[in-house]
Amino acid sequence: MKSVRRVTQVLEVSQAGAIVPVDLVLPSEAKECFGLQAIVTGLFPEVESVIDFGELSVSFNGRESHPIHQLVPYESAQTRQVSTTRIGLLPLSTPLVSGSPVTGFYRDLGRQQEPFTPYQVRISFNLITE
Amino acid sequence: MLLSSRGVKDYHMDFYTLLLLENEQITPANRGWHFLVSGELPNGLEIISETHALKVGTTAPATLQEFTGQMLVKLPEGAVLDRLDFIRIIPKSSVA
C-alpha cells in the first residue's frame with residue numbers, strides 16, 4: 001500500500017562560508033521523492049530577509065539524478081509575521097533506487113555580519129513509500 | 001562500475017588541468033564529471049561545483065572528490081598553488 005512519509009535531515013552550520021555535506025540514505029521502502037523543502041532555522045536580528053542566504057545541491061541515486069541546485073532563502077521574524085505565504089515545497093518527481101545514497105552540499109553565502117551565529121538548515125524530503 | 005551504474009555506455013575521457021591564475025575563478029560550463037587527482041591541497045581551498053563542494057581542512061574528505069559541470073575555485077590568501085588536475089569524463093549521447 002502506498003503511503004506518504006517525510007524524512008528530515010538537519011545540517012549544522014557553524015561558521016561563515018561553511019560547506020556542509022548532505023549525505024544520507026532514505027528508507028529502503030521509499031519509491032519516489034515528490035518534494036523537498038529547505039528551511040533556515042535561527043534568528044538573525046541584523047539580517048533582513050534575503051533570497052540567497054545559502055546554496056543547496058542535492059543528488060539522488062548515487063548522483064544519477066541531480067534535480068536540485070538552488071538558493072536557500074532566509075525570512076526574518078518580522079517578515080514571517082506579516083507574510084501570507086510560507087517558503088514552499090519544491091515539487092519533484094524523482095524515482096528512488098532502494099538503498100542508494102542522497103548526496104550534496106549546503107554552502108553558507110556569508111549574509112550574516114560578525115559575529116557569526118551558528119544555525120541549522122532543515123531539509124525535508126517528502127516520500128512516497130510502498 | 002561508476003559509469004555503468006549511471007547508465008553511461010559511451011564517454012570521452014581525458015585529463016583536465018585548471019591553471020589557477022587568480023584567487024577566484026570559474027570554469028566554463030560543460031557536462032563533464034571531474035575527478036580530482038591533485039594532492040597536497042592548501043587549507044581553505046574551495047572547489048564548488050553543481051553537485052559537490054570541497055573546503056580543504058573543514059569538509060570531511062570523501063574517498064572520491066567528484067565535481068560536476070561548472071566549478072568555482074577559491075584560493076585562500078597566501079596559498080601557493082598554480083594548478084588543479086582532474087580526470088574528466090564527458091558522457092556521449094547514445095543514439096537509439
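Of the set (1) surrounded by 12 or more Cβ atoms within 10 Å (Cβ to Cβ); (2) of a type in the set (D, E, K, R); (3) on the phi > 0 side of the Ramachandran plot, all apply to B:E50 but (3). Quick check: anything in the stretch A:33-46 touching an Asp or Glu at 6+ places or on another chain (Cβ under 8 Å) and either surrounded by fewer than 16 Cβ atoms within 10 Å (Cβ to Cβ) or of a type in the set (D, E, K, R) (or both)? Within the stretch A:33-46, not a single residue is touching an Asp or Glu at 6+ places or on another chain (Cβ under 8 Å) and either surrounded by fewer than 16 Cβ atoms within 10 Å (Cβ to Cβ) or of a type in the set (D, E, K, R) (or both). Restricting the stretch A:15-48 to residues that are over 16 Å from the mean Cα position of the chain (by Cα) and within 14 Å of chain B (Cβ to nearest Cβ) leaves a set whose member that is farthest from A:E114 (Cα to Cα) is A:G17. Aliphatic (A, V, I, L, M), over 18 Å from B:L19 (Cα atoms), within 11 Å of chain A (Cβ to nearest Cβ) and surrounded by fewer than 17 Cβ atoms within 10 Å (Cβ to Cβ): is that true of B:L64 in this structure? So B:L64 passes the test.
Scanning the stretch A:116-130 for residues being closer than 16 Å to A:S59 by Cα, touching a Ser or Thr at 6+ places or on another chain (Cβ under 8 Å) and crowded, with 18+ Cβ neighbours inside 10 Å gives a total of 2. Would the stretch A:77-96 turn up any residue that is loosely packed, with under 14 Cβ neighbours inside 10 Å and within 14 Å of chain B (Cβ to nearest Cβ)? Yes, the stretch A:77-96 contains a residue that is loosely packed, with under 14 Cβ neighbours inside 10 Å and within 14 Å of chain B (Cβ to nearest Cβ).
Of the residues A:T8, A:T41, A:T103, A:T94, the single one that is in contact with a Cys (Cβ under 6 Å, 6 or more places away or on another chain) and touching a residue at least 60 places away in the same chain (Cβ under 8 Å) is A:T94. Can you spot a residue in the stretch A:15-38 that is free of Cβ contacts under 8 Å to residues at least 24 places away in the same chain and aliphatic (A, V, I, L, M)? No, because not a single residue in the stretch A:15-38 is free of Cβ contacts under 8 Å to residues at least 24 places away in the same chain and aliphatic (A, V, I, L, M). In the set (1) exposed (fewer than 15 other Cβ atoms within 10 Å of the Cβ); (2) modelled with pLDDT under 90; (3) farther than 20 Å from A:N61 by Cα; (4) under 16 Å from the mean Cα position of the chain (by Cα), B:T59 fails one condition alone, (1). When the stretch A:15-63 is examined, which residues are found to be within 15 Å of A:T94 (Cβ to Cβ) and among the aromatic types (F, W, Y)? Within the stretch A:15-63, A:F34, A:F60 meet the criteria. The condition (being surrounded by fewer than 17 Cβ atoms within 10 Å (Cβ to Cβ) and modelled with pLDDT of 90 or more) is satisfied by just one residue among A:Q70, A:Q113: A:Q70. Selection of the stretch A:49-62 for residues being within 14 Å of chain B (Cβ to nearest Cβ) and touching a helix residue (DSSP H, G or I) at 6+ places or on another chain (Cβ under 7 Å) yields only A:G62.
The values are calculated or read from the model by the stated rules, or taken from the named source; none is laboratory data. Model, not experiment: these values are computed from the prediction. A quick note on method: Cβ atoms are made from the backbone with ideal geometry, for glycine too, and the neighbour counts reach across all protein chains shown.
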